[in-house]
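Below is the structure I would like to discuss, written out as structure tokens.
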Amino acid sequence: SPPSILGNCKSRSESGDGENYADIDWDGIGFSLVPTDYMYVMKSARGDKFSQGSLVPFGNIEISPSAGILNYGQGIFEGLKAQRTEDGRILLFRPDENAQRMKRGADRLCMPSPSNDQFVNAVKQTVLANKRWVPPPGKGSLYIRPLLMGTGALLGVAPAPEYTFLIYCCPVGSYHKGGALNLKVEDKLYRAISGMGGTGGIKSITNYAPVYPAMTAAKANGFSDVLFLDSATGKCIEEATSCNLFVVKGNTIFTPEIVGTILPGITRKSIIEIAIDSGYQVIEGAVSVVEMLEADEMFCTGTAVVVNSVASVTYKDTKVDYKTGPKTLSAKLRSILVGIQTGCVEDKKSWTIQI
Ligand code: COI
């Protein structure tokens, strides 16, 4: 059944009256750091559980030059958003999914992780302490960045003796300023090694800087982002630098399956469910470059990116253009997702948590 639009979505001009907002240009926010008021910090020794954290003023942290994260990359992060509804509530979207993904990453890198409850409570406290930074409805969202890092000092290669779970947050607008994306297929550098043994499927900090050479070269040539291929065959698409990929052919949506090389995106998972509920067939499996180049439409998903159309893909000397604009499937799926996240569309699956 089509999603129901709730009656509490007023026009923009009616919303937000009387709220205490930070004094910034809410129309000018993009995806860049705006320091907020508080961050959450909780520590644990190796082999121990996290117990009690606290809010502290947002600012620099002090760690040893020989901290595990600085020397051996023992660190992971998460990303989630808080949104303000038109009737003044603040909603989180599936924060338990982020807690579970952080735990999987922590296990992979030999780190203790906060429990689900500790994670979600810490997120709630961080958002409430920074409430004035949650953008007015329609102006963006509060991006929440949990970090888990080996902060204890050591010299030899080993799990650090101490860990810090830290959450900071920042108001954000669109991740990609230019709208629909023009992607360049990278066919020399790979984002992740093939198979379940690698770290492509966790949000390890070490998965990001290695994409910079391809990304900066593509951007210098006018592309918005890079599309990575699987390292085993170089024939199938995996993901872009910060988002999962979907291609559409007729009424069928194809997306690379989660096989250890692709980040299990929470937006990806939600869009798959929304698409199936809306009557589309979704196939998770290997998606070849050839299939992608023959598709009608393509889009990407991620917490930061939300859902964004791909306008074109360039593979070697071939450039293919895709359907974009308000009539695309990605626009339809995006409006349902954002509607749920902002309280405008009924949340039948209890994905949102009001704080
Ligand atoms: C997110 O979508 O939350 C991400 O982690 C992408 C980020 C690397 C900007």
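Just so you know, all these numbers are worked out from the coordinates, no wet-lab data involved. As the structure is a prediction and not an experimental result, all values here were calculated from the model. Here the Cβ positions follow ideal geometry from the backbone for every residue, glycine too, while neighbour counts run over all protein chains shown.
At a threshold of 8 angstrom on Cα-Cα distance, excluding pairs fewer than six apart, so keeping six or more, what relative contact order does the stretch 182-249 reach in percent?
Normalised by residue count, the contact order of the stretch 182-249 is 36 percent.
Give the average over all directions of the projected area of the C-alpha convex hull of the stretch 225-355, one decimal, in nm².
Answer in nm², one decimal: 8.3.
Tell me, what HN-Hα J-couplings in whole Hz come from the Karplus equation 6.51 cos²θ - 1.76 cosθ + 1.60 at θ = phi - 60° for each residue of the stretch 47-57, using x for Gly and Pro?
Result, ordered by residue: x, 9, 9, 5, 10, 10, x, 8, 7, 9, x Hz.
Place the peptides 173-183, 90-100 in order of packing, highest mean first, counting for every residue the other Cβ atoms within 10 Å and averaging per peptide.
Top of the packing list down: 90-100, 173-183.
With contacts defined as alpha carbon pairs under 8 Å and 6 or more residues apart, what's the relative contact order of the chain in percent?
20 percent
OK, next. Which residue, F223, A311, L293, has the largest displacement toward the positive end of the dipole of the stretch 206-328 when charges sit on each Cβ (Lys, Arg +1; Asp, Glu -1)?
So the residue we want is F223.
Once the Cβ-Cβ distance between L293 and S32 is put in as r, and R0 is 35 Å, what FRET efficiency do you end up with, to the nearest 0.05?
FRET efficiency, L293 to S32: 0.55.
OK, next. Starting from one equal scatterer on each C-alpha and no solvent at all, send me the Debye-based log10 I(q)/I(0) for the chain at q = 0.06, 0.07 Å⁻¹, two decimals.
Debye output, listed in q order: -0.22, -0.30.
Residue by residue, what Karplus-based ³J(HN,Hα) values in Hz, rounded to whole numbers, does the stretch 107-115 have, using 6.51, -1.76 and 1.60 with θ = phi - 60° and x for Gly and Pro?
Whole-Hz 3J(HN,Hα) from phi for the stretch 107-115: 4, 5, 9, 6, 10, x, 10, x, 5.
Would you pull out the residues with amide H under 5 Å of K81's amide H, same chain only if 5 or more places away, H placed 1.01 Å from N?
Answer set, sorted by chain and number: F93, I144.
With label points built 7 Å along Cα→Cβ from the Cα atoms of K219 and V56, find their separation and express it in nm.
3.1 nm
Using a simple charge model, +1 on the beta-carbon of Lys and Arg, -1 on the beta-carbon of Asp and Glu, nothing else, what dipole does the chain show about its Cα centre, in debye to the nearest 20?
180 debye
Between K319 and R89, with labels modelled 7 Å along Cα→Cβ, what's the label distance in nm to one decimal, could you check?
About 4.7 nm, to one decimal.
Calculated FRET efficiency, E284 and A22, Cβ-Cβ r, R0 45 Å, to nearest 0.05?
So, using R0 = 45 Å, E works out to roughly 0.65.
Taking the Cα centre as origin and putting +1 on Lys and Arg beta-carbons and -1 on Asp and Glu beta-carbons, what dipole magnitude results for the stretch 27-163, to the nearest 20 debye?
180 debye
Kindly flag which residue pairs out of K43/K177; K139/K235; K81/K235; K131/K348 have an alpha-carbon separation exceeding 30 Å in this structure.
Beyond 30 Å: K43/K177; K139/K235; K81/K235.
Calculate one ³J(HN,Hα) per residue across the stretch 271-288 by plugging θ = phi - 60° into the Karplus curve 6.51 cos²θ - 1.76 cosθ + 1.60, and present them in order as whole Hz with x for glycine and proline.
Karplus values, whole Hz, x for Gly and Pro: 5, 4, 5, 5, 5, 5, 4, 8, x, 9, 8, 10, 10, 9, x, 5, 10, 7.
Sticking with this one: For R46, what residues show an amide H to amide H distance below 5 Å, using hydrogens built from the backbone and excluding near sequence neighbours?
Those qualifying (amide H under 5 Å, at least 5 residues apart or on another chain) are E162, Y163.
Any chance you could list the semi-axes, whole Å, largest first, of the equivalent ellipsoid that the Cα gyration tensor gives for the stretch 137-268, using √(5λ)?
Three semi-axes, in Å: 27, 22, 16.
If you don't mind, another one. Per DSSP H run of at least 4 residues, take -39500 (n - 2.57); add these up for the chain, divide by its residues and hand me the 222 nm value, nearest 500 deg cm²/dmol.
So the helix-based figure for the chain works out to -6000 deg cm²/dmol.
On to the next question. I'd like the trypsin sites (Lys or Arg not before Pro) in the stretch 41-71 restricted to DSSP loop residues with at most 13 other Cβ atoms within 10 Å, sorted by number.
Answer by residue number: K49.
For S194 and E257 in the same chain, what is the full-extension length gain: residue separation times 0.36 nm, less their Cα-Cα distance, in nm?
21.4 nm
Still on this structure, please answer the following. Determine the percent antiparallel among the DSSP beta bridges restricted to the chain, to the nearest 5.
That works out to approximately 80 percent antiparallel.
What residue among C169, V338, A153 has its Cα farthest toward the positive end of the dipole of the chain, where the charges are +1 on Lys, Arg and -1 on Asp, Glu, each on the Cβ?
After comparing all options, I get A153.
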